[in-house]
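Student: Just dropping this structure here.
The values are calculated or read from the model by the stated rules, or taken from the named source; none is laboratory data. It should be emphasised that the depicted structure is a prediction, and the values quoted were computed from it without experimental measurement. As a convention, Cβ positions derive from the backbone with ideal geometry for all residues, glycine included, and neighbour counts pool all protein chains shown.
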Amino acid sequence: MSFNLILIIICWYLAGICNGFMDAIKYHDAYKHWGPFWSKGSWKRLYDGDINWFEKIFDAAFDAWHLFKYIMMCLFILSLGLAFATNLHMFQNILICSITVLSFIIGFKTTYK
């Protein structure tokens, strides 16, 4: 297995971790004990009139849920770029797709409370 394929699997695993954090925050407020940044209601700070640097640049809320969403999307883009750089046969593509989805699920289960 090439180094690119290992990186693709790692990207999907990390994306699953990000998704687990996002769902745990949204549905269970599981990390609110870490501070307001980690609470499910922290996105409301976008509308509090106090604009921070992130809100100025991206016009989006800066909280744990959104941060993990941005990281997850970057990981998917990175894995797509790595996949295009790797020239594989059909069977290998199917195998890698199965492994990446499985690693996403494992990453999700790791962080979803």
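Student: Which ones in region 47-82 are of a type in the set (D, E, K, R), free of Cβ contacts under 8 Å to residues at least 40 places away in the same chain and assigned to a helix (DSSP H, G or I)?
Tutor: Residues satisfying the conditions are E55, K56.
Student: In region 83-97, how many residues are closer than 13 Å to L7 by Cα and part of a loop (DSSP other than H, G, I, E, B)?
Tutor: Total satisfying the criteria: 1.
Student: Restricting attention to region 87-105, which residues are modelled with pLDDT of 80 or more and surrounded by 14 or more Cβ atoms within 10 Å (Cβ to Cβ)?
Tutor: Result: L95, I96, I99, T100, L102, S103, F104, I105.
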